[in-house]
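Notes follow once the structure below has been shown.
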Amino acid sequence: MTDDTEKPKTRDSRPSFSLASVPEESEANSTISELIKSTPLADPNAAAVEPTNISQHRSRRRSSLSILQAIAPFHLLSTKDARKRNFLVGSSRQLPQNPMHDISSCFPNGRSLTIMMVTWNTGEAPKLYEQNYTPTARETAQPKERMLDDMCDILLPTFIDYVSDVIIVCTQEMSAVKNRMDWEILLQEVIGQAHVLFHSVHFGTLSLCIFLRRDLIWYCTEPEEDIIKFRAMNAIRTKGSLVVTFNLFGTSFMIINSHFEAGEGSEGRSNRRLNFQNTLAKLTIPNEYVQRTIAPSRSLASLGDAEGLKRSESTVSLDDVPNTDVDITKACDCILWAGDMNFRIEMKYQEALDHCNGKNYTEILLNDEFRMLQQKTGDRYCDFKEANIDFPPTYKFDLRCNDDTYVKNRTPSYTDRILYRDKPELQIQCTQYKSIESVKHSDHKPVVAHFRLKVKPGVHQGSPSYGKFNYEVYKRGCIQRERHHSLGVGVENKLKPRAPLSKSSVCVLQ
């Protein structure tokens, strides 16, 4: 594997987002399902196995395990297929001609991909950084253990049954003086060895990290990134949008992490609409799509060099936003947009507090800035969807209180949001949308969304990533995880350490 920590350069490659139709999965999946059902690994209702039946029980279990090994998500490549020299672009392997074989190997139960997206304004969370250390003894590990528990609540929430195939972590107001690799290593440690850091972007206090299931990195194109800045003159970059695009099999993704301007009243709302519009209007990726559809319509003077366009600053009014008839985001099949968007509730403090105490969130959302703008015909907000909100406002909490108390005279608001947009044929579903109320490091609560969608099979023409990921983060995350495990830190159902066996000359067969 290769360490992919460097920023990707602008490419002249031509990622294609159109796919040829391919046949559905083979009927082998249904046969496998019946085979598993007919031979369970264990019967949870069965009584304890008697000593006389131990050998029979073990034989049955070995037989079941052999079945699982036989249906492992890998397939053999025949010599005949290999001699065809049929290289499928994007997989970096020699494979049979049917691209459905790729998807069937990664998703034996169908083409359903799961994505978990997290957005969290950490508020620089000093305790979070103070507790992010590697203890040398069990006695000094309690703060670290508390932090790992909180991170598990965010990245591995119990209301999601299985770890998602793709995990996207969007954070705002990260400490600008801390090493971002330490944050990535912490995420890797908590998520575990089954996932790798596919790509990450950091800008000022914003951070975007994308983790993929390890076997999926072979089916991705090289990620492209873009940064849209909202403030031209500011020593500490706190407001902006980070954007990453890539293909997974035949499906193209655009991931956005934004931190919009704060502020109450009409001025604050106008600034946030400007931030939203600027993010959409100033995108320079996917590079091939931009060069083909946007660049020809612009003069050379206005276009400038590619790097200058990519790092162009925000304008000062909506009238100055470049007016293009092409929506660049429509180049991608799936857009996931998260961040601290600072949307406000237009309601008096006490009235909003009473609704919160009564868990009447529907009434609060009737006065939500984003929901109200969505009702206006022709507004860009209308293009994006959001799952039903059934949790309290995520901002602003008083950290001086032990319980979840909102700051006085500040109307609670849903500032932390996760939006999405997809093409009709993708059929994306948001199965969970919740805030993590147990985490108290910041005056914001983390918000988690879980998505399920059908990956499109196909052969794309983009530059393949050839399995690249951040090897250094993976290695150090695994080492840190092993170290903490040896100390019993963050390990559930801890068992007392076994006493060392005394030396004996007697050999006992069991």
Of all residues in region 465-476 being open to solvent by 40 Å² or more (accessible area, probe 1.4 Å) and not in a loop (DSSP other than H, G, I, E, B), which is nearest to Met151 (Cα to Cα)? Arg476
Which one of Phe253, Phe249 is buried (at least 19 other Cβ atoms within 10 Å of the Cβ) and at positive phi? Phe249
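Here's the yes/no breakdown for (1) more than 18 Å from Cys430 (Cβ to Cβ); (2) touching a Ser or Thr at 6+ places or on another chain (Cβ under 6 Å):
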site: Leu336; (1), (2): no, no
site: Asn342; (1), (2): yes, yes
site: Ile345; (1), (2): yes, yes
site: Tyr349; (1), (2): yes, yes
site: Ile364; (1), (2): yes, no
site: Met372; (1), (2): yes, no
site: Asp383; (1), (2): no, no
Subset tally (residues that are open to solvent by 80 Å² or more (accessible area, probe 1.4 Å), closer than 23 Å to Cys332 by Cα and over 16 Å from the mean Cα position of the chain (by Cα)) for region 420-438: 3
Mind checking whether some residue in region 401-408 is surrounded by fewer than 16 Cβ atoms within 10 Å (Cβ to Cβ), among the β-branched types (Val, Ile, Thr) and out of contact with any Phe, Trp or Tyr (no Cβ under 9 Å at 6 or more places or on another chain)? no
Residue within region 164-185 that is assigned to a helix (DSSP H, G or I), more than 24 Å from Gln277 (Cβ to Cβ) and touching a Gly at 6+ places or on another chain (Cβ under 7 Å) present: yes
Unique residue being over 25 Å from Asn342 (Cβ atoms), of a type in the set (Val, Ile, Thr) and open to solvent by less than 10 Å² (accessible area, probe 1.4 Å) when the list is Val290, Val243: Val290
With the first residue restricted to region 352-370 and required to be among the β-branched types (Val, Ile, Thr), and the second required to be modelled with pLDDT of 95 or more and assigned to a strand (DSSP E or B), Cβ contacts under 8 Å at 6 or more apart or on different chains are Ile364/Ile345
So, of the residues in region 440-464 that are open to solvent by 10 Å² or more (accessible area, probe 1.4 Å) and in contact with a helix residue (DSSP H, G or I) (Cβ under 7 Å, 6 or more places away or on another chain), which turns out to be modelled with the lowest pLDDT? Pro457
Mind telling me which of the residues Arg483, Arg476 ends up being modelled with pLDDT of 50 or more and under 17 Å from Arg214 (Cβ atoms)? Arg476
Got at least one residue in region 417-439 being of a type in the set (Ser, Thr, Tyr), more than 30 Å from Leu365 (Cα to Cα) and out of contact with any helix residue (DSSP H, G or I) (no Cβ under 9 Å at 6 or more places or on another chain)? no
If we keep just the residues of region 339-356 that are surrounded by 15 or more Cβ atoms within 10 Å (Cβ to Cβ) and acidic (Asp, Glu), which is farthest from Asn121 (Cα to Cα)? Glu346
Test Lys408 against the criterion of being free of Cβ contacts under 8 Å to residues at least 40 places away in the same chain, part of a loop (DSSP other than H, G, I, E, B) and either of a type outside the set (A, V, I, L, M) or closer than 22 Å to Leu336 by Cα (or both), and give yes or no. no
Going through region 144-190 in order, the residues found to be of a type in the set (Val, Ile, Thr) and closer than 14 Å to Thr119 by Cα are Ile154, Ile167, Ile168, Val169, Thr171
Across region 197-225, what is the number of residues that are buried (at least 24 other Cβ atoms within 10 Å of the Cβ), in contact with a helix residue (DSSP H, G or I) (Cβ under 9 Å, 6 or more places away or on another chain) and part of a strand (DSSP E or B)? 6
Within region 228-240, residues of a type in the set (A, V, I, L, M) and open to solvent by 10 Å² or more (accessible area, probe 1.4 Å) come out as Ala232, Met233, Ala235, Ile236
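The values are calculated or read from the model by the stated rules, or taken from the named source; none is laboratory data. Every value quoted in this text rests on a predicted model; they were computed, and no experiment measured them. Cβ coordinates were reconstructed from backbone atoms using ideal geometry, including for glycine residues, and neighbour counts include every protein chain displayed. Ligands, DNA and RNA are excluded from the accessible area calculation, which covers all protein heavy atoms including side chains. Shrake-Rupley method; radii C 1.70, N 1.55, O 1.52, S 1.80 Å.
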